[in-house]
1. Treating the chain as a set of equal point scatterers at the Cα positions, no solvent, please give the Debye-formula log₁₀ I(q)/I(0) at q = 0.11, 0.14 Å⁻¹.
2. Please list, ordered by chain and number, the residues whose modelled amide H lies under 5 Å from the amide H of Phe346; skip anything fewer than 5 residues away on the same chain.
3. So what is the relative contact order for the chain, in percent, with contacts set as C-alpha pairs under 8 Å and at least six apart?
4. If you add up the charges near Pro307, with Lys and Arg at +1 and Asp and Glu at -1, over every other residue whose beta carbon is less than 12 angstrom from its beta carbon, what do you get?
5. Excluding same-chain residues fewer than 8 positions from Lys70, which lysines have a Cα within less than 20 Å of its Cα?
6. For the residue pair Asn4 and Tyr302, what label-to-label distance in nm results when each label sits 7 Å from Cα along the Cα-to-beta-carbon direction?
7. What's the longest uninterrupted piece of the chain once you rule out the trypsin sites (Lys or Arg not before Pro) that are loop residues per DSSP with at most 14 other Cβ within 10 Å?
8. Counting other C-beta atoms within 10 Å, and keeping those with at most 16, which DSSP coil GluC sites (Glu not before Pro) do you find in segment 283-360?
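The numbers here are math on the coordinates, done by the rules we state, and not lab data. Keep in mind the model is a prediction, meaning the values are calculated, not measured. Every residue, glycine as well, gets a Cβ built from its backbone with ideal geometry; the counts of neighbours run over all protein chains shown.
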Amino acid sequence: MTFNALKEKGMPLEKQLRNWHQIVGKPYNKTEVDCYTRTRQILMNGIEVEAWGFKHQLARYLDDSEDKIKLSQIGRIENTQQMTCNWMGPADQSVLETTLGYEQVAVDLTAWLAQNEPDKYVKEVFDFGLLEDFDHLYRYAQFAYAREGIEPSAIVQGQTDVIVGRPTQHHHNCNGLRKRKHYDKTTASPQTKVNILTVLSGEQQTHNFYAEHGFMYGDHVLRETYAEIKDVEEEHVTMYESLIDPSESLWEKFLVHEFTEVCNYYTCMEDEVDERIKKTWEIFLDMELGHLQIAADMFKKYEKRDPEEVIGSEIIIPCRFLSQKDYVQKVLEKEVNKRLAPDGEFYKTIEEIPEDWASYPIQERVGEISAPSENAIRIGGIYHDRDIVEAKESLLEKEPQILKKGLQEKAVAHNTVMPDELEEMIEKHESREEAKEKLI
Ligand SMILES: [Fe+2]
Ligand SMILES: [Fe+2]
Ligand SMILES: [Fe+2]
Ligand SMILES: [Fe+2]
C-alpha cells in the first residue's frame, strides 16, 4: 500500500510542544543498543539540525509576520526533536565511540542511497563519497583501539567492514573540483531530492560533531586527525549541496525539507527494533506530517503550484540501514583509484590525472609536515603490531593491493605507510600471534 504524505493531516502544530521530561527522554544503553538504532539516532539528529537551521534562514528572507511566526513555531518543535534525537546518546559513550557511529552512518547510508538512486550521475557521486567515509571509519578505529581499547566491532557490530579505503590524505581537493553538476528541478525525481538532502544533512552534522568534539582529546595526533577528517566532511557538504538545483525557490526547499523529514521518520518507524525508540519515531512522523501540511499550504500560497509537482505522491525510503559489505567491497575494489575532474566529471583512474591537477597543490600544502591520518596507521602498528581491521579473510588478504591501487604517486605525505610497509606489519602481527599460541 502506498503512503501519500500530502494526504495525511498529521499532528496539529499546537499539540506538538512537549514537556521537558518528554523532550529529554532516556538514553539508550551503549552496550545493548542495536548498531542501526544508533545510526538512526545519529542521522535523525543531523536531519533535525538541518531542518531547524533552514527555517531560520528562511525566516530571514520573510516579511510576512504571520508566516514568520508560524515558521518560528515549527522551528521551535524541530529544536525539541533535535534534542530528543541527539540526547538518546548516553553520557558514557565516548567521543571516539560516537565517531565510529557517525562514520558507520555515512558508509551504510550512502551505500543504500547509491543503490536506490534513479539518477546515474548522482549515484556516481554517492559511490565516490562512500569510499572516503569508509576510510575515515578505518582511521578512527585505530585511535579507538589505541586510546580507549575499543574494538570496532563494539560499535559496528560486524555489520560494516573496517579496512583501508581511498586514503584520507587524498580526499583534500580543490573546491572547483568538488563542485558537481546539479540536477534539474523540473525533471529530477522526488527520490533524488530526498536522497541528496538526507546525505547532505548527515554529512553536515558529521562536520559539526568533529568541529565541536575533536578538541576534547589531549592526544595531538588524534586532534590533528579530527581536523583533517573534518575538512573532508566540509568538502562532502560542498559536494552534495552542489547537486541541488540552485533555482529551486525557498518555498520549494521548505517543502522538500519537511518531506525529507517525513520520509526519514517513516523509514525509522518501519525498521526500528527498539520498541521504546520506535514510539518516538511514530510521534515524530506524525509531527512532520503536520509540518508538511503547513509547508504545502505556504508553497501553494506563494508559488500557486501543486506540491505534488515537487515531491510526488509516494513515500520514499531514504535511510534503510542494512549491512552493505558486498556492495561496498565491490565499489572499493573497482573505484579506490578514482579522482575528481573539472566540470563535474570524474577521472576513472589516478593515471588519468594531468600533471597540473588542481588538487595536488592543496594536498601538498596541508600534508607538508605529515598526514595525521597516516600516523593513525602507525599508531595501530605500535599498539597492535599492525592496523586494526575487521573484514572477512578474503578481503583482508587484499588490503595491501587496495592500498597500492588507492595511493597516488604525487602529493604523498612523507609519513605515509606504503603497501610494502603495511605487508611487513601484517607479517609481524601474524608471527607474534603464532608465538603467543605456542606460549599458551
Ligand atoms: Fe523535525
Ligand atoms: Fe567521514
Ligand atoms: Fe563524509
Ligand atoms: Fe519538520
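1. -0.85, -1.30
2. Ala341
3. Working: 643 pairs, mean separation 102.6, N = 440.
Normalised by residue count, the contact order of the chain is 23 percent.
4. On the way: positive: Lys7, Lys300, Lys301, Lys304, Arg305; negative: Glu252, Glu258, Asp297, Glu303, Asp306, Glu308, Glu309.
With Lys, Arg at +1 and Asp, Glu at -1, the neighbours total -2.
5. Lys9, Lys15, Lys55, Lys253, Lys300, Lys301, Lys304
6. That separation, rounded to one decimal, is 2.5 nm.
7. Numbers: sites that count: Lys9, Arg60, Lys181, Lys304, Arg305, Lys348, Lys392, Lys410.
So the longest stretch without any such site is 182-303.
8. On the way: sites: Glu288, Glu303, Glu308, Glu309, Glu314, Glu333, Glu335, Glu345, Glu351, Glu352, Glu355; in loops: Glu314, Glu345, Glu355.
Answer in residue order: Glu314, Glu345, Glu355.
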